Amino acid sequence: MIRFRVGDTNVRVHALALIMLALSFALGARAELVAMLTALLLHEGAHLLAARLLRVRVESLELMPFGGALTLENPYRMGRWQLMGVSLAGPFANLLGLVATAALAWWRALPVSFSLELMRFHGMLAAFNLLPALPLDGGRAL
């Protein structure tokens, strides 16, 4: 596991995530890899930004082979609007990313094949995280 700090947030990158990245790159899945990482980093970055704006302390961010997890302060000490705002920021960012990618593809600013991959990952990440089950974002917002 690789550990480092970004500001006051501990970031951990799981070793299997690095192996998966290397294998994806070696097997030629470069466009899919870039699309997945773009959608994931936008999702987790939106959670971090919302937490900072809503004055919620972020203990750590962990990047795993198939996603990420943000560890917040004790959720029982947070207000319901804080928890909902931080929880829904990630899926909302993915939905905005999906619309922005579609617009860029429409204007031919991005290649169509890459745009489809990026829209697919944005859509999958948003839809999966909105499921009303813990520890997903939909379960926390509910």
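Remarks
- The one condition from (1) more than 21 Å from ASN129 (Cβ to Cβ); (2) open to solvent by 60 Å² or more (accessible area, probe 1.4 Å) that SER24 does not meet is (2).
- Tallying residues that are open to solvent by 50 Å² or more (accessible area, probe 1.4 Å) and of a type in the set (Ser, Thr, Tyr) within region 99-120 yields 1.
- Residues of region 60-84 satisfying the condition of being free of Cβ contacts under 8 Å to residues at least 60 places away in the same chain, open to solvent by 30 Å² or more (accessible area, probe 1.4 Å) and under 25 Å from MET36 (Cβ atoms): GLU62, LEU63, MET64, PHE66, THR71
Residues checked against (1) farther than 26 Å from MET1 by Cα; (2) modelled with pLDDT of 95 or more:
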site: THR38; (1), (2): no, no
site: LEU41; (1), (2): no, no
site: VAL58; (1), (2): no, no
site: GLY90; (1), (2): no, yes
site: LEU110; (1), (2): yes, no
site: SER113; (1), (2): yes, no
site: MET119; (1), (2): yes, yes
site: ASP137; (1), (2): no, no
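- LEU125 being open to solvent by less than 50 Å² (accessible area, probe 1.4 Å) and free of Cβ contacts under 8 Å to residues at least 24 places away in the same chain: no
- In the set VAL11, VAL6, only one residue is surrounded by 11 or more Cβ atoms within 10 Å (Cβ to Cβ) and either touching a Leu at 6+ places or on another chain (Cβ under 9 Å) or aromatic (Phe, Trp, Tyr) (or both); that residue is VAL11.
- For region 18-36, filtering for residues that are within 19 Å of LEU125 (Cα to Cα) and in contact with a helix residue (DSSP H, G or I) (Cβ under 8 Å, 6 or more places away or on another chain) leaves 9.
- Against the list (1) part of a helix (DSSP H, G or I); (2) in contact with an Asp or Glu (Cβ under 7 Å, 6 or more places away or on another chain); (3) of a type in the set (A, V, I, L, M); (4) buried (at least 16 other Cβ atoms within 10 Å of the Cβ), the condition ALA50 fails is (2).
- Of all the residues in region 85-98, those that are open to solvent by 40 Å² or more (accessible area, probe 1.4 Å) and either among the hydroxyl-bearing types (Ser, Thr, Tyr) or out of contact with any His (no Cβ under 9 Å at 6 or more places or on another chain) (or both) number 2.
- Boolean, GLU73 is of a type in the set (D, E, K, R) and in contact with a Gly (Cβ under 6 Å, 6 or more places away or on another chain): no
The values are calculated or read from the model by the stated rules, or taken from the named source; none is laboratory data. Keep in mind that what you see is a predicted model, and the values were worked out from it rather than measured. Neighbour counts are summed over all protein chains in view; Cβ atoms, including those assigned to glycine, are modelled from backbone coordinates with ideal geometry. What goes into the accessible areas is simple: the full protein's heavy atoms, side chains included, and nothing from ligands, DNA or RNA. Shrake-Rupley method; radii C 1.70, N 1.55, O 1.52, S 1.80 Å.
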